[in-house]
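Asks: Below is the structure I would like to discuss, written out as structure tokens.
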Amino acid sequence: MPFFEASDGTRLFYAEAGRTDDRPFVFAHAWGLASGMWNYQIPDLLAAGMRCVVFDRRGHGRSDVPGRGYDLDRLADDLADLLDHLDLRDIVLVGHSLGAAEAVRYLSRHQDGRVAGVVLSAPTTPFLLRTDDNPDGPVEASDFAGLQEVMRRDIGVFVEGTSHDDYFGPAYEVSGGLGDWTRRQFFESPLQVLLSTNEAFITADQRQELKNIQQPALVIQGDADRSAPIELTGRRTHALLPHASLAVLQDAGHGLYMSDPGRYNAELLHFADTLPAKATPWPYSLSR
């Protein structure tokens, strides 16, 4: 299995598929999950002539579990280390939930010209915590503390607080097996990693960072997302980005990448088609 070493010595797992001369899609996974969450994107993107790269965030999946480095800056630097390791360019960077916050922080910290466009999927941006200058933030400080305490006592209570319909959306039929597999990943993630990364994205104020992003962007989210309500996350994120479009999947929840992969993948590929073409054009496309 392929691994690379981050700049602080942490060994991280990654996987890639597709030809090296195809446009690369790089995927940053959600909080508590791992790179396998993107299983239903890769076949369609490969069929459309794209290269796909996924990785396990530190502390997740097959990557090392160091005792440090779970702040957004370090997570963004891990992403930069991966892109440097593979020397990827002309990238479509896709981040879901916490992965969206990582993608934004990467673009803030690394002006390396590698990213052609960014997709923020069910984002936790721009700022979840309610403060004096963010009065509509969806997370009260007391609620955040309570959530952390629930996870410390019994992560199962937290996981069971989101139903199958809540996560995938009430209009979609997704097998119980997929739901169970998604939940199981939370139990397999070290508790200190869940707590640290949860704090990282809930307390991150990325309003100014979003305003500074110059790459074309796509915000994609379901309008039935209860984990990150679209009115407080996706629509606000879209409004702050200088060059962005918004795709809303009706009745889809936070897990829209699995509940409606056909529509989701078509939106990713349509966005890629709007970006400047590489020197050698791709002969394939996936109809929307």
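Asks: Hey, does region 115-134 have a residue that's at pLDDT 95 or above, part of a helix (DSSP H, G or I) and buried (at least 23 other Cβ atoms within 10 Å of the Cβ)?
Replies: There is no residue in region 115-134 that is at pLDDT 95 or above, part of a helix (DSSP H, G or I) and buried (at least 23 other Cβ atoms within 10 Å of the Cβ).
Asks: Which pairs turn up if I take residues in region 1-17 that are free of Cβ contacts under 8 Å to residues at least 40 places away in the same chain and within 12 Å of D77 (Cβ to Cβ) and look for partners that are acidic (D, E) and not in a strand (DSSP E or B) with beta carbon separation below 7 Å, at least 6 apart in sequence or on another chain?
Replies: Correct list of pairs: empty, since none qualify.
Asks: Just the residues that are open to solvent by 10 Å² or more (accessible area, probe 1.4 Å) and under 23 Å from Q192 (Cβ atoms), please, taken from region 73-96.
Replies: The answer is D73, R74, D77, D81.
Asks: Limited to region 168-202, what total is found for residues that are within 15 Å of F144 (Cβ to Cβ) and either open to solvent by less than 60 Å² (accessible area, probe 1.4 Å) or without any contact (Cβ under 8 Å) to a residue 40 or more places away in the chain (or both)?
Replies: 8
Asks: Is it fair to say P43 is under 24 Å from L194 (Cβ atoms) and out of contact with any helix residue (DSSP H, G or I) (no Cβ under 7 Å at 6 or more places or on another chain)?
Replies: Working: under 24 Å from L194 (Cβ atoms): no; out of contact with any helix residue (DSSP H, G or I) (no Cβ under 7 Å at 6 or more places or on another chain): yes.
So P43 does not fit the description; no.
Asks: Among the residues of region 3-29, what is the count of those that are within 17 Å of the chain's Cα centre (by Cα) and aromatic (F, W, Y)?
Replies: So the count comes out to 4.
Asks: Moving on. Output the residue which, of all residues in region 203-229 that are small (G, A, S) and over 22 Å from R57 (Cα atoms), is most open to solvent (accessible area, probe 1.4 Å).
Replies: Filtering region 203-229 for residues small (G, A, S) gives 204, 217, 222, 224, 227-228.
Narrowing further to those that are over 22 Å from R57 (Cα atoms): 217, 222, 224.
Details: A217: 3, G222: 0, A224: 25 Å².
Residue satisfying both the conditions and the ranking: A224.
Asks: Would you pick out the residues in region 154-167 that are surrounded by fewer than 16 Cβ atoms within 10 Å (Cβ to Cβ) and in a loop (DSSP other than H, G, I, E, B)?
Replies: D154, G161, S163
Asks: Additional query: Give me the pairs: first residue in region 89-109 and aromatic (F, W, Y), second residue part of a helix (DSSP H, G or I) and at pLDDT 95 or above, beta-carbon distance under 9 Å, and six or more apart or on different chains, which are they?
Replies: Y106/L75; Y106/A76; Y106/D77; Y106/L79; Y106/A80; Y106/L83
Asks: Look through L275, L241, L286 and report the one residue that is closer than 23 Å to A47 by Cα and modelled with pLDDT of 95 or more.
Replies: Working: L241 fails: closer than 23 Å to A47 by Cα; L286 fails: modelled with pLDDT of 95 or more.
So the residue among L275, L241, L286 that is closer than 23 Å to A47 by Cα and modelled with pLDDT of 95 or more is L275.
Asks: Quick one: which helices (runs of 4 or more DSSP H) lie wholly within region 177-260 and hold at least 3 residues that are aliphatic (A, V, I, L, M) and closer than 23 Å to D73 by Cα?
Replies: Helices (runs of 4 or more DSSP H) meeting the threshold: 191-202.
Asks: Of the residues that sit in region 135-153 and are open to solvent by 10 Å² or more (accessible area, probe 1.4 Å) and of a type in the set (A, V, I, L, M, F, W, C), which one is nearest to L275 (Cα to Cα)? Steps first, answer last, please.
Replies: Initially, region 135-153 is screened for residues open to solvent by 10 Å² or more (accessible area, probe 1.4 Å), giving 135-136, 138-150, 152-153.
Right, trim to of a type in the set (A, V, I, L, M, F, W, C) and you get 139, 141, 144-145, 147, 150.
Details: V139: 35, A141: 40, F144: 39, A145: 42, L147: 40, V150: 44 Å.
Going through the qualifying residues, I end up with V139.
The values are calculated or read from the model by the stated rules, or taken from the named source; none is laboratory data. Just so you know, these numbers come straight off a predicted model, no measurement behind them. We place every Cβ from the backbone using ideal geometry, glycine too, and count neighbours over all the protein chains shown. Each accessible area value is taken on the protein alone, full model and side chains, heavy atoms only, with ligands, DNA and RNA left out. Shrake-Rupley method; radii C 1.70, N 1.55, O 1.52, S 1.80 Å.
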